[in-house]
1. Which residues' amide hydrogens lie under 5 Å from the amide hydrogen of Ile52, considering only partners 5 or more residues apart or on another chain, with H built in the peptide plane?
2. Expressed as an acute angle from 0 to 90° and rounded to the nearest 10, what is the orientation of the C-alpha long axis of helix 193-202 relative to the principal long axis of the chain?
3. Return the ratio Rg/(2.2 N^0.38 Å) for the chain, where Rg is computed over Cα atoms only.
4. Mind checking the full-extension length gain between Lys156 and Ala71? Use 0.36 nm per residue of separation minus the Cα-Cα distance, one decimal, nm.
5. Considering the dipole of the chain built from charges on the beta carbon (Lys and Arg +1, Asp and Glu -1) around the Cα centre, which of Met306, Ser246, Ile150 is farthest to its positive end?
6. How much FRET efficiency would the formula 1/(1 + (r/R0)^6) give for Asn163 and Glu292, where r is the Cβ-Cβ distance and R0 is 25 Å, rounded to 0.05?
7. Which whole-Hz couplings ³J(HN,Hα) result when phi for each residue of the range 81-87 is put into the Karplus expression 6.51 cos²θ - 1.76 cosθ + 1.60, θ = phi - 60°, listed in order with x for Gly and Pro?
8. Take the Cβ-Cβ distance between Asp263 and Arg239 as r, set R0 to 25 Å, and report the resulting FRET efficiency rounded to the nearest 0.05.
Amino acid sequence: MKGLILSGGYGTRLRPITYSQQKQLIPVANKPILFYAIEDVIGAGAKEIGIIVGPNKEQVIETVESENWDAEIDFIYQDAPRGLAHTILVAEDFLDEGFVMYLGDNILREGIAEHAKKFKENNYDASIMLTEVENPEQFGVADINEDGTIKKLIEKPEVPPSNLALVGIYFFKTAILEACKSIKPSWRNELEITDAIQWLIDNGYEVGWTKVNGWWKDTGKPEDIFEANRLILDDIQTRSEGNAESTKIIGRAIIEKGVEIKDSSVKGPSLIGRDCLIRNSYVGPYTSIGKECIIEDTEIEDSIVMEKSEIIGGGRIIESLIGKEVKIKRKADLPNGRKLIVGDHSEIVG
């Protein structure tokens, strides 16, 4: 089985961060979101992976190639977002056998190995992954027959027939290529993957489904990224390779090599990347700090700070997404309790 991972699109809901970096490269627990997808696909047995790239393609390629993967990875260019089914057509020359298509901004706790196994065992032409949600009207939803087969897929229904929403991970045989070529663009002028799967159902192909039991997050908005960060940090085990002087560490925390923490408090679950300096500060729960950051005279919690950023005299910062090489410095007293979404290379001086 091959893997097809989507890492294109503009990420408009995550601006200003996505003005300078691809949304799938935003770190959750100090690891690019895209890497979770690659690991899952490899864990399901894929030895060849095609990654769909668009804007910031050089950035995606450089980041992926910075790691050694146990799979051969090709990059496939899509000139503009034209729908998920369109990405399959773009990748047609790569897809010569069964494959898993994985949206690169999804994070799934349980991985996909068991779902891939059931796809193969049942010899389905396609298989989708579903999960129960509280607000199905905001998702693509599956209408299930009494015998457990799929009747219909409905995109954001006003009256949902079930609470089973589609997860952005799909298993296909190459019959999906015919389906993608047979459908028409939607009102968004995009080739929708739900329409292609429905075409398979309507034309007698075997389409199965499996249920996600653990958590799943589509990290399309800042609040989704914060929630994914919390969920992953909830699973960490304490590990300390840095130097903590006059510092109180409460709960589970990962403190990587080269970290210097002085006269501070760290409360887990939290993660401090290598070669950071934390001085006279409080790092609270559900905070991940990227490598080579400086945090001084600041209280920060429930936040993501990307690599090489400096926050000096930042007061209290909560639920914030702070980009790469950002500088936040206070010259005078500022109100407490700031929430920030700050793009790469920005500078904020108070």
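1. Those lying under 5 Å, H to H, from Ile52 are Ile5, Leu6, Ser7, Ile76.
2. 30
3. Compactness ratio reported: 1.07.
4. Roughly 27.0 nm would be gained on extension.
5. The residue sitting farthest along the positive end of the dipole is Ser246.
6. 0.05
7. x, 10, x, 5, 5, 5, 5
8. 0.70
Only the coordinates and a few stated rules stand behind these numbers; no lab work does. None of these values were measured; they are calculated from a predicted model. Positions of Cβ are generated from backbone atoms using ideal geometry, with glycine treated the same way; all protein chains shown enter the neighbour counts.
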